[in-house]
1. Using the charge dipole of the chain (Lys, Arg: +1 at Cβ; Asp, Glu: -1 at Cβ; taken about the Cα centre), state which of 212, 273, 99 has its Cα farthest towards the positive end.
2. To the nearest 0.05, how large is the calculated FRET efficiency for residue 439 and residue 24 if R₀ is 30 Å and r is the Cβ-Cβ distance?
3. What is the fewest-to-most order of 404, 301 by other Cβ atoms lying within 10 Å of their Cβ?
4. Please report how far the C-alpha centroid of segment 83-151 lies from that of segment 378-435, rounded to the nearest whole angstrom.
5. Quick check on the chain: helices-only [θ] at 222 nm, where DSSP H runs of length 4 and up contribute -39,500 (n - 2.57) each and the sum goes over total residues. Nearest 500, please.
6. Calculate the dipole size of segment 13-248 relative to its Cα centre from +1 charges on Lys and Arg beta carbons and -1 charges on Asp and Glu beta carbons; express the result in debye to the nearest 20.
7. About the Cα centre, and with charges only on the beta carbon of Lys, Arg (+1) and Asp, Glu (-1), how big is the dipole of the chain? Nearest 20 debye, please.
8. Between residue 200 and residue 160, how high is the FRET efficiency from 1/(1 + (r/R0)^6) when r is the Cβ-Cβ distance and R₀ = 30 Å? Nearest 0.05.
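Please treat every number below as a calculation from the coordinates, not as lab data. Note that this is a predicted model, so its numbers are computed, not measured. Neighbour counts run over all protein chains shown; Cβ positions are idealised from the backbone, glycine included.
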Amino acid sequence: MYNGLTVESDKLKEECGVFGVYGKEGDGLARTTYYGLYALQHRGQESAGIAVARDGKIMHHKQMGLVSEVFDDVLLEELEGSIACGHVRYSTVGDSHVINAQPLVVKYRNGSLALAHNGNLVNAVHLRGQLEQEGVIFQTSVDSEVIANLVARKDKGDILEAVKETMNCIRGAYALIIMTSARLIGVRDPNGIRPLSLGIKDGRYMLSSESCAFDTVGAKLIRDIEPGEMVVIDGDGLQSFYSDGPRANRLCVFEFIYFGRPDSVMGGKNIYMSRRRAGANLFKEHPADADIVISVPDSGTAAAIGYSEASGIPFVEGLVKNRYVGRTFIQPKQRQREIGVALKLNVLEDMVKGKRVVMVDDSIIRGTTSRNLVRMLKNAGAVEVHFRVSSPPVQHPCYFGIDTPDRENLVGANFTVEEIRDKIEADSLGYLSLEGLIEAVGDCREYCHACFSGNYPI
Ligand code: SF4
């Protein structure tokens with residue numbers, strides 16, 4: 001066994017996960033939200049929060065840390081209410097500080113609201129400047145507060161009209177859960193860049209970034225909230241409204257490559273199966289003469305199995321991940337990223353020694369981890385290492401809620417495939433084409449693939 005290294009430090013980071021549920025007091029909705037957030041923990045590990053509506057008021061608790069660290073039994077009992085919403089966060093915009101944790105809860109002339117946001121606005125700076133000119137004081141550095149402010153200012157007694165008007169002002173990627181004392185509202189931007197789905201359990205509607213949270217709480221996925229759709233859940237049931245102007249289906253394709261949990265369904269597609277098909281397409285595009293296929297666990301595993309099935313080369317475990325890592329990435333500062341508070345990987349020497357190895361990963365961002373992995377395999381006696389990547393080179397930054405390194409640190413933006421092969425010291429390197437990826441994910445959606453293609457939906 002060789003001592004390990006971090007893998008998550010060399011991946012793009014999802015910003016947030018949101019969850020909400022409408023029911024009645026005594027249903028334990030804060031607890032349901034806790035388990036929902038627990039299932040969405042992979043989408044953000046810095047802070048967690050839950051807000052509940054009770055007796056016309058909104059109460060909340062949020063703190064830095066993992067969901068299991070932020071809440072305990074006593075807190076969940078205290079947060080009893082008839083509607084609940086929650087948020088897990090990894091910061092891309094705004095400092096890593098509890099003031100920026102969500103749900104944001106604001107009081108204004110027509111009541112209170114809680115807002116949980118996944119995504120980034122591209123016109124947040126402009127809107128914030130305008131609001132500041134008008135005397136608005138901001139408490140946080142997150143663009144979600146701009147949205148909360150706009151909704152509060154536009155609410156002249158009809159919150160739904162206020163949300164619709166706000167949708168006409170804000171531009172960018174947003175999956176929102178807005179909770180008032182009487183309603184749970186789910187909103188997705190007109191391009192549908194960030195995911196949001198609708199579920200149900202015992203007649204209670206729920207909203208979640210990913211369907212895996214519904215499975216966790218025993219609910220069923222009904223459907224995705226559509227791009228530009230606002231669903232309103234209250235005592236009258238569920239109503240749906242649509243934004244003015246054009247709508248498109250540009251769901252982030254990286255959800256299928258890395259961000260989404262493999263057991264989630266987005267756009268009617270199971271993420272695990274999409275990754276597996278991507279692996280099969282990867283073999284068709286970049287076959288290799290080899291003895292074994294291994295994956296960079298866990299995110300490369302489904303694609304590696306697909307590659308193995310398509311090629312007939314046996315899939316084996318060559319790298320083992322430490323499963324008991326506990327708290328990671330509480331403060332996503334460079335130092336923490338480097339010193340490896342994250343997951344560790346070790347090589348199973350007996351499996352790779354004397355073998356020609358195909359190693360499959362979902363993406364290469366900086367390339368440093370890839371080179372270390374190749375070195376580890378060679379040190380363990382692998383005679384050849386053929387690196388295969390189940391997505392195209394990441395060449396462009398993301399402006400829609402994903403933490404991308406600066407362009408100079410994106411290896412795919414600065415080097416040719418052959419130069420990258422040389423840098424990571426692999427015997428060969430093959431990336432899946434964009435066409436191969438889209439084919440693997442399936443259906444006729446356009447998807448956002450701007451970090452590969454530079455073709456930004458906004
Ligand atoms: S640019 Fe890439 S990471 Fe960002 S939303 Fe589009 S596909 Fe997803």
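1. About the Cα centre, the residue reaching furthest to the positive side is 99.
2. 0.05
3. Ordered from fewest to most neighbouring Cβ atoms within 10 Å, 404, 301 come out as 404, 301.
4. 35 Å
5. Here the helix-only value at 222 nm equals -7500 deg cm²/dmol.
6. 340 debye
7. It comes to approximately 200 debye.
8. Working from the Cβ atoms, E equals 0.90.
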